[in-house]
Ligand code: F6R
């Protein structure tokens, strides 16, 4: 796991965008794993700006989102389908229908989740997955206690996650759905490269466990310690609990430029 400590969210956005652009340059029909929430927004802003300038194209790429609330009406602005459309898809040049997500309104949820897994596999698997991390250590919506071998399924959101996400629902915790569909931890682990972005002191404990804690269902992101190619981009506040911060800084400072992420 490579840990890069950066001065601010913009620097995180630029470096993560570099990884997307390098991938799309060598593989224009790459499969992208897309997260919602606040953390990837600087990445998507940077990608939108670069696409606008003609520096990158998504026209042959496909995308799969990580998760979706269960039961929100299709026209609700906070469905993750609508959020990813607003934050990225509508701002770049994806072909129509190129980005899919789990269906939070499916009648048969297990069948719909299995079909989503099959769609990712049929596309050849995810080349580059962008992730945020919850204050409780979740990735996707794999809350503490999730099976480390899980696949796309329904999960119950923790009270902490619903409190954290109330900011997207006018501060009303009761308006945050209680359930979601999420790619499982094994689904996420199948991506070939994972870039996790985190900023702010609220993420410091989760980032410490992610990189330096024991692998445990209590901190689901720790499963990434078993992945061969994970890049963690954090700001100073999110890095503040890292025990090996000086080593990570020294390692990144001495990394040859040609190596990329
Ligand atoms: C969103 C997702 C979640 C978020 C996490 C952090 O698709 O999968 O794991 O990445 O809840 O959310 P933010 O970035 O809003 O702090």
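Each reported figure results from applying straightforward, stated rules to the coordinates on display, with no laboratory input. On a predicted model such as this, the values are computed, not experimentally measured, just so you know. So basically every Cβ, Gly included, is an ideal-geometry build from the backbone, and we count neighbours across all protein chains shown.
General observations
- Overall form of segment 65-147 per C-alpha gyration tensor (a/c, 1.5; a/b vs b/c): rounded
- Most simply put, the chain has about 30% antiparallel DSSP beta bridges, counting only bridges with both residues inside it.
- Sorted by Cβ density within 10 Å, fewest first, the residues 180, 51: 51, 180
- Annotation: the residues 233, 15, 181, sorted from fewest to most other C-beta atoms within 10 Å of their own C-beta, follow the order 15, 181, 233.
- Highest average packing first - 96-104, 195-203, 135-143, Cβ atoms within 10 Å: 135-143, 195-203, 96-104
- Value of relative contact order over the chain, rounded to a whole percent, pairs C-alpha under 8 Å and six or more apart: 24
- For segment 97-140 versus segment 1-75, the spacing of their alpha-carbon centroids is 16 Å.
- When DSSP beta bridges are restricted to pairs lying wholly in segment 117-248, around 40% turn out antiparallel.
- Across segment 43-165, C-alpha contacts under 8 Å between residues 6 or more apart give a mean separation that, scaled by the residue count, equals a relative contact order of 23 percent.
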